[in-house]
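Every number here is computed from the coordinates shown, using simple stated rules; none is lab data. None of the values given here were measured: they were computed from a predicted structure. Please note: Cβ atoms are built from the backbone with ideal geometry, for glycine as well, and neighbour counts cover all protein chains shown.
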Amino acid sequence: MRKHSKFITILLSALLAVCLMQTVFVQAFATENTATPDEPTDDLYPVSMEVVKAPESVTVNKGRITDSTFWSNVVLHIVYSNGEEYDVNCDDIDSEDGIVPPIAEINGYTGSITVNYYCKDDTVNFTVDYCYASYEYEDEWYHNTISAEYSVKQVADPHSITRVEVTKLPDKVFTNPLYTGSRDDISSAEEWNEWVKSLDVNNSISNHIDGMEITYYYANGEKRSVVVNSSNVKIIATMPWFAMYRVENVDEYGNNLDFTVTDEGDYKFSVSLNSDGAGGIVYTAKSVDNPNPSINPVSTSDTPAKPSGNISSATSDVATKDNANNNGTNGTANNGVVATGNFATPAIITVVMLSAVAVMFVFKRTRMF
């Protein structure tokens with residue numbers, strides 16, 4: 001009997017030692033994740049945020065989402081530190097103030113959920129920011145923010161203008177090119193200034209487009225044409241070699257009929273929808289040496305976007321530190337997400353119970369022997 005008692009005593013002692021080591025480890029780990037000046041002192045905060053529902057694609061016109069039902073079909077899943085979970089509909093999230101989070105106020109600060117998006121290639125990329133608390137650190141105010149990112153396919157709005165081309169050349173027959181060679185040959189600011197001063201705007205194609213016919217192509221296959229002149233277009237921006245125009249009236253879909261004309265040198269010019277003239281189609285203007293050039297473009301690079309790609313989402317369990325005035329440096333703030341912190345209590349209870357059993361066993365052993 002004594003051998004069995006000795007074995008049980010050793011076993012209980014070993015279990016007690018393991019539990020004590022476990023408790024020490026848990027407390028040490030929890031100490032590493034205690035609150036810092038970079039996070040709110042309140043015990044409540046969002047642990048994670050994820051986009052759990054979104055359409056596979058969205059219609060876009062000039063970098064702006066035109067589908068009025070898109071946001072109402074986007075859903076966020078937010079988990080808080082107290083275990084509460086919410087599914088949040090994103091209707092009106094693109095408004096100036098965003099939407100109110102499910103737990104509106106944390107640590108005396110009324111939070112908000114906002115979104116930013118940008119179009120790149122064939123996708124629209126979104127960043128959802130949940131700003132849930134503010135705090136002062138070293139005389140500056142910061143926001144605690146948790147973010148989620150996702151993307152969907154970009155589809156051209158059926159009534160958006162996808163490209164523009166010249167279907168009739170300007171009436172003017174140019175006697176001299178605005179310049180010869182390439183602007184890329186200019187390598188310094190001094191050379192650029194001298195080059196600009198040398199340009200004669202009377203020889204500029206971009207500033208003499210009366211009689212030119214512009215045809216706009218829509219994503220749904222429609223097209224519209226307009227013959228431009230000084231009475232039905234206005235110049236939005238101009239330089240000797242560059243001019244951006246807007247046709248006086250918008251089309252029936254609310255599109256501004258904008259186009260940019262850029263001199264490319266040697267009697268060539270390009271026309272594009274982009275305000276910087278990038279990706280334009282290049283043509284040859286009329287000149288004394290070539291009064292009837294082909295209307296066919298010299299080169300084309302302006303093509304409508306093609307939808308592709310799938311929705312993807314990402315969650316951030318760690319808040320980012322943002323200056324309230326947008327002047328702070330972004331950084332990782334310890335968000336108090338301590339998975340092991342909930343384990344300390346049951347571990348301590350286990351230790352106490354095992355200790356009590358060990359003491360009772362020793363007393364019983366003393367009485368028996």
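Numerical summary
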item	result
Exposure proxy order (Cβ contacts within 10 Å, fewest to most) of W195, W241	W195, W241
Rg and Dmax [Cα atoms of the range 136-277; Å; Rg one decimal, Dmax integer]	20.8, 68
Which of S151, S275, S68 has the fewest Cβ neighbours within 10 Å, and the rest in rising order	S68, S275, S151
Alpha carbon centroid spacing (whole Å) that separates the range 49-113 from the range 145-196	36 Å
Violating pairs (Cα-Cα greater than 27 angstrom) within the set K234/K286; K62/K197; K197/K234	K62/K197
Rg/Rh for the range 187-250, where both radii come from Cα atoms and Rh is the Kirkwood radius	1.12
